[in-house]
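Note sheet for the following structure.
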Amino acid sequence: MADTVIVVALLLVAGSATVAVLVRDPARQALVLAVLGVVLAVLFTAVQAPDVALSQLAVGGALTPLLLLLSVRKVRRRKGRDR
């Protein structure tokens, strides 16, 4: 059972990382990176590394995508003001 969870998590990591690379819109990339962070946290939990999973969930699943979204929002606002 545990091997199945690890294999599924690895496939989800590979899929979400590929989607993150292929998506063109920065806001969507940030959302896909959030999904990737959560999937990595699940993978770390499955391989018995709960401390790493909690760190990944906080940083990769929440903080980094939030900072990216705020940056994209600020850049788009400035771009609109310059016109």
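Structure above, values below:
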read-out	value
Residues located in the stretch 16-41, provided they are more than 19 Å from ALA53 (Cβ to Cβ) and either of a type in the set (Phe, Trp, Tyr) or in a helix (DSSP H, G or I) (or both)	THR18, VAL19, ALA20, VAL21, LEU22, PRO26, ALA27, ARG28, GLN29, ALA30, LEU31, VAL32
Criterion violated by VAL75 - all others in (1) among the aliphatic types (A, V, I, L, M); (2) open to solvent by 70 Å² or more (accessible area, probe 1.4 Å); (3) in contact (Cβ under 8 Å) with a residue 12 or more places away in the chain satisfied	(3)
Subset of the stretch 1-13 [over 12 Å from the mean Cα position of the chain (by Cα), part of a helix (DSSP H, G or I) and of a type in the set (A, V, I, L, M)]	ALA2, VAL5, ILE6, VAL7, VAL8, ALA9, LEU10, LEU11
Residue that is in contact with a helix residue (DSSP H, G or I) (Cβ under 8 Å, 6 or more places away or on another chain) and either open to solvent by 70 Å² or more (accessible area, probe 1.4 Å) or in contact (Cβ under 8 Å) with a residue 12 or more places away in the chain (or both), where the choices are THR18, THR4, THR64	THR64
Odd one out for LEU33, checked against (1) free of Cβ contacts under 8 Å to residues at least 24 places away in the same chain; (2) out of contact with any Phe, Trp or Tyr (no Cβ under 8 Å at 6 or more places or on another chain)	(1)
Every residue from the stretch 42-56 that is open to solvent by less than 50 Å² (accessible area, probe 1.4 Å) and either under 24 Å from ARG76 (Cβ atoms) or in a helix (DSSP H, G or I) (or both)	LEU43, ALA46, ALA53, GLN56
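The values are calculated or read from the model by the stated rules, or taken from the named source; none is laboratory data. All figures in this text were calculated on a predicted structure; none of them were measured in a lab. Virtual Cβ from ideal backbone geometry, glycine too; neighbours counted across all protein chains shown. Accessible surface areas use protein heavy atoms only, side chains included; no ligands, DNA or RNA. Shrake-Rupley method; radii C 1.70, N 1.55, O 1.52, S 1.80 Å.
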